[in-house]
Amino acid sequence: MGMPLAGLPIELSGMKQQPGRGITMSYRFRLKTLLVAAAIAMAAPMGTPWAQEPVSGGKLQLAAPYGAALKSLDPHVSYNSQDMVVSKAFHRALYTWDSSNNAPALDLAKLVSTSEDGKTYTYELFDNIYFHNGRKLTTDDVIWSYTRVMDPTKGYPGSVQVGTLAGAKDYADGKAKEISGLKKIDDRTFSMTFSDFVDPGMLFFEAITAIIPREEVEGGNFLTQPVGLGPFSFVEHIEGSRISGKKFDKYYKQGKPYADAVDFTISDDTSALSA
């Protein structure tokens with residue numbers, strides 16, 4: 001059963017900010033735009049009015065036609081377009097992209113306040129967010145995930161974004177044991193202090209800064225059985241063919257996702273996907 005555009009539970013976007021040059025449309029964004037068009041064609045039956053209420057149930061079938069295989073199931077590892085799009089089904093970042101306003105919007109936090117000097121942002125997380133393993137999200141997960149991204153031995157692409165935090169460079173250089181710009185206030189509240197004036201929404205909305213559970217990563221099975229905060233929990237990955245997930249019943253956005261399952265077809269042959 002197909003679903004109208006309004007029922008798509010995955011945000012697909014890719015605007016990015018370049019220091020001193022504002023926001024630009026990248027090649028990655030153009031690819032994702034094409035993927036959205038494919039998703040609309042595959043998820044909405046012909047003749048479905050766009051204003052129609054979303055219909056629950058069925059499987060969301062999407063194409064990931066920009067490579068013969070995913071680089072990694074770890075969202076922090078890859079900045080490739082199709083890896084990032086697939087990651088949106090299984091993971092969540094602090095912000096998301098609000099396509100209706102063409103701007104970032106809070107996703108995991110219900111409130112944010114800014115200091116008088118404009119460099120410190122304090123967040124209060126929602127209290128109903130769970131990982132797919134059943135554990136509730138805490139600020140420790142946010143701080144651990146961002147600290148992981150700054151691991152100098154890994155070269156994670158998100159280190160560019162997290163590197164804007166005060167003390168991030170000192171941590172990466174081995175001069176500090178933690179990132180001074182990350183502070184836990186309580187289990188639901190934390191602050192981020194930046195070295196300069198930035199818009200954190202433009203930096204922390206993509207999967208390369210997703211919040212993931214430490215115990216699953218360190219347990220050794222994360223690369224084959226990823227666990228996240230997204231609307232779908234991981235089911236199966238057939239390398240070079242497809243990746244699938246099922247509706248996560250404890251997803252924190254009430255009534256979402258509309259689909260019971262998601263299935264991505266992975267191929268570098270776009271003609272085969274339309275056959």
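The values are calculated or read from the model by the stated rules, or taken from the named source; none is laboratory data. Please read all numbers here as calculations on a predicted model, not as lab measurements. Reconstructed Cβ throughout: ideal geometry from the backbone, glycine too, with neighbour counts over all protein chains shown. Areas reflect the complete protein model, heavy atoms only, side chains present, ligands, DNA and RNA absent. Shrake-Rupley method; radii C 1.70, N 1.55, O 1.52, S 1.80 Å.
Within the range 160-167, identify whether any single residue is over 25 Å from Leu60 (Cβ atoms), of a type in the set (Gly, Ala, Ser) and out of contact with any Ser or Thr (no Cβ under 8 Å at 6 or more places or on another chain), and answer yes or no.
yes
Somewhere in the range 198-216, is a residue of a type in the set (Ser, Thr, Tyr) and surrounded by fewer than 18 Cβ atoms within 10 Å (Cβ to Cβ)?
no
Out of the residues in the range 241-266 that are under 18 Å from the mean Cα position of the chain (by Cα) and open to solvent by 50 Å² or more (accessible area, probe 1.4 Å), state the one that is nearest to Leu70 (Cα to Cα).
Filtering first and then ranking leaves Lys246.
Return the residues of the range 156-167 that are aliphatic (A, V, I, L, M), buried (at least 17 other Cβ atoms within 10 Å of the Cβ) and over 18 Å from Gly118 (Cβ atoms); say none if nothing qualifies.
Val162
May I ask you to say which residue of Gln225, Gln254 is closer than 25 Å to His132 by Cα and modelled with pLDDT under 95?
Gln254
Where residues in the range 78-111 are open to solvent by 60 Å² or more (accessible area, probe 1.4 Å) and free of Cβ contacts under 8 Å to residues at least 40 places away in the same chain, which of them is nearest to Val162 (Cα to Cα)?
Only one residue tops the list, namely Asn80.
Restricting attention to the range 126-155, report how many residues are open to solvent by 20 Å² or more (accessible area, probe 1.4 Å) and not small (Gly, Ala, Ser).
Qualifying residue count, the range 126-155: 18.
Could you figure out which of (1) modelled with pLDDT of 95 or more; (2) open to solvent by less than 30 Å² (accessible area, probe 1.4 Å); (3) over 17 Å from Ala93 (Cβ atoms); (4) of a type in the set (Val, Ile, Thr) isn't true of Thr193?
Condition (2) is where Thr193 drops out.
When you go through (1) modelled with pLDDT of 50 or more; (2) assigned to a loop (DSSP other than H, G, I, E, B); (3) not hydroxyl-bearing (Ser, Thr, Tyr) one by one for Gln82, which number turns out not to apply?
Against the list (1) modelled with pLDDT of 50 or more; (2) assigned to a loop (DSSP other than H, G, I, E, B); (3) not hydroxyl-bearing (Ser, Thr, Tyr), Gln82 comes up short only on (2).
Can you report the number of residues in the range 168-186 which are touching a strand residue (DSSP E or B) at 6+ places or on another chain (Cβ under 8 Å) and under 16 Å from Pro152 (Cβ atoms)?
1
Among all residue pairs at least 6 apart or on different chains, which show Cβ distances below 9 Å where the first residue, located in the range 166-188, is of a type in the set (Asp, Glu) and the second is in a helix (DSSP H, G or I)?
From residues that are of a type in the set (Asp, Glu), the pairs are Glu178/Ile143; Glu178/Thr147; Glu178/Tyr171; Asp186/Thr139; Asp187/Thr139; Asp187/Asp140.
Consider Leu182 carefully, then state whether it is over 30 Å from Val262 (Cβ atoms), of a type outside the set (Phe, Trp, Tyr), surrounded by 21 or more Cβ atoms within 10 Å (Cβ to Cβ) and at pLDDT 95 or above.
Yes, satisfied.
Hey, does the range 94-101 have a residue that's among the aromatic types (Phe, Trp, Tyr), assigned to a helix (DSSP H, G or I), within 25 Å of Gly255 (Cβ to Cβ) and modelled with pLDDT of 90 or more?
No, that holds for no residue.
Checking the structure you have, find out if any residue of the range 225-240 is on the phi > 0 side of the Ramachandran plot and surrounded by fewer than 21 Cβ atoms within 10 Å (Cβ to Cβ).
Within the range 225-240, one or more residues are on the phi > 0 side of the Ramachandran plot and surrounded by fewer than 21 Cβ atoms within 10 Å (Cβ to Cβ).
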